[in-house]
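Accompanying notes for the structure given below.
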Amino acid sequence: EPEVTQTPSHQVTQMGQEVILRCVPISNHLYFYWYRQILGQKVEFLVSFYNNEISEKSEIFDDQFSVERPDGSNFTLKIRSTKLEDSAMYFCASSESAGHQPQHFGDGTRLSIL
Amino acid sequence: AQKVTQAQTEISVVEKEDVTLDCVYETRDTTYYLFWYKQPPSGELVFLIRRNSFDEQNEISGRYSWNFQKSTSSFNFTITASQVVDSAVYFCALKGGNTPLVFGKGTRLSVIA
């Protein structure tokens, strides 16, 4: 069964450094998402992406965040200048459509900011 | 605004017991979708089920069943004859027509052998 893949599984970065989290969505999916889960808390929506542009973003997704689809397969989340509070599990998801189709999640990247 | 409430933070049951995880939602949309996801200790999020607001039929899949009641805005999840492998955090989630997926805080289920 096709799946969403995320790399790396764990990223350790010094505060203030830039980090790029990578995702390969399911190949026939058109909608892509990033979510964040701070340890022990609920999963929070960050951003959705369709047709090479952001379709929606949450309050969490401020100017230090950006997303990109640099080629036909990858979908990246960049955090420009990381803060301690950015430490979390970051999930990428994709879906066939924006409405009723379920979003399929990757295994997540655990980001640790030191 | 969309909201999902999972009032049970943690549940512990003995293997083979039945367990029901509660989910109550709030939305102003007339068309919306409800989901359950499982997050095992390894951390990934596994899609379990989707239900749309026009389909109130209950669903059974093996030991899993779901009870959607629009009148009480609830979408409860029952595991019959629980097993140790069912131990995980279970998230209920809601998606309106043009709104992002909103998750509840999750219920941590521990099944003890």
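Quick notes
- Over the stretch A:27-67, Cα pairs under 8 Å with separation of 6+ residues give a relative contact order of 29 percent.
- Cβ-Cβ distance of B:Lys3 and B:Thr30, R₀ of 22 Å, FRET efficiency by 1/(1 + (r/R0)^6): the value works out to about 0.85.
- Inter-chain Cβ neighbour average for residues B:95-105, partner chain, 10 Å: 5
- Ignoring lysines fewer than eight residues from A:Lys78 along the same chain, the ones with Cα atoms less than 18 angstrom from its Cα are A:Lys57.
- Taking chain A and dividing mean pair separation by its residue count, relative contact order in percent (alpha carbons under 8 Å, at least six apart): 38
Each reported figure results from applying straightforward, stated rules to the coordinates on display, with no laboratory input. Since the structure is predicted, the reported quantities are computational estimates derived from the model, not experimental observations. Counting neighbours? That spans all protein chains shown, and the Cβs are built from the backbone with ideal geometry, glycine included.
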